[in-house]
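The values are calculated or read from the model by the stated rules, or taken from the named source; none is laboratory data. Keep in mind that this is a model prediction, so the values were computed, not measured. Here the Cβ positions follow ideal geometry from the backbone for every residue, glycine too, while neighbour counts run over all protein chains shown.
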Amino acid sequence: MNDYFLIAKVISVYGREGYVSVRSYSDFPERFDDLSKVYIDFFNDKKEFFVENVIRKKNSFLIKFRNFDNGEDCKILTGKEIFVDKENLYKLPEGQYYVHDLIGSIVYRNNTIFGKIKDVLPNPANDVYVIDDNGKEILIPASFEFIESFNPEKKILILKPGDDFYEDDEI
């Protein structure tokens with residue numbers, strides 16, 4: 001299982017005081033407000049970095065890391081990806097889940113195993129779960145109209161009972 005989760009990428013050095021400009025990949029910009037520790041990838045090895053300060057700047061963030069006190073120190077960080085560990089993931093509101101919580105979940109429908117979630121496709125109206133049913137892909141909207149419950153600890157998704165909630169185009 002993945003122990004680190006990508007939240008941003010260092011775009012450039014910013015100024016002469018040890019700040020870097022980062023592009024956020026998070027849907028929750030407020031997650032940067034309380035950021036104290038991150039991991040930066042160097043040759044597939046995650047190194048721990050401590051955050052001294054974060055400044056919001058339009059569509060990006062400026063981050064000052066401990067022991068990086070000038071622009072020259074920060075050059076090595078340009079282009080690097082920034083990760084957090086599971087304990088520092090942003091806490092989602094009730095009923096919302098991370099994609100990594102959903103992937104691999106067993107899907108039940110009418111008390112029978114229906115398949116396994118292999119991907120989540122983002123869409124403007126709602127996400128769509130890609131369910132593998134013995135090699136056949138079935139797309140189910142991530143909507144309360146179709147979902148009865150989800151248990152992220154057990155990785156079990158239960159669809160509402162019924163027979164007609166998706167159309168098979170291959171007739």
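For this structure, a couple of remarks:
- Residues that are under 12 Å from the mean Cα position of the chain (by Cα) and under 25 Å from ILE158 (Cβ atoms) within the stretch 54-109 comprise LYS86, LEU89, LYS91, LEU92, GLN96, TYR97, TYR98, VAL99, HIS100, ASP101, LEU102, ILE103, listed in sequence order.
- Condition broken by GLY104, with the remaining ones in (1) assigned to a strand (DSSP E or B); (2) assigned by TED's automatic domain parsing to the domain that holds LYS155 satisfied: (1)
- Residues satisfying the stated conditions in the stretch 72-102, i.e. farther than 30 Å from ASN123 by Cβ and small (Gly, Ala, Ser): GLY79
- Pairs, first free of Cβ contacts under 8 Å to residues at least 40 places away in the same chain in the stretch 1-24, second in a strand (DSSP E or B), C-beta under 8 Å, six or more apart: ARG23/ALA8; ARG23/LYS9; ARG23/ILE11; ARG23/SER60; SER24/ILE7; SER24/ALA8; SER24/SER60; SER24/PHE61
- Summed over the stretch 138-155, residues that are surrounded by 12 or more Cβ atoms within 10 Å (Cβ to Cβ) and among the small types (Gly, Ala, Ser) total 2.
- Positions within the stretch 63-79 being in contact with a Phe, Trp or Tyr (Cβ under 7 Å, 6 or more places away or on another chain) and within 15 Å of ILE7 (Cβ to Cβ), in sequence order: ILE63, PHE65
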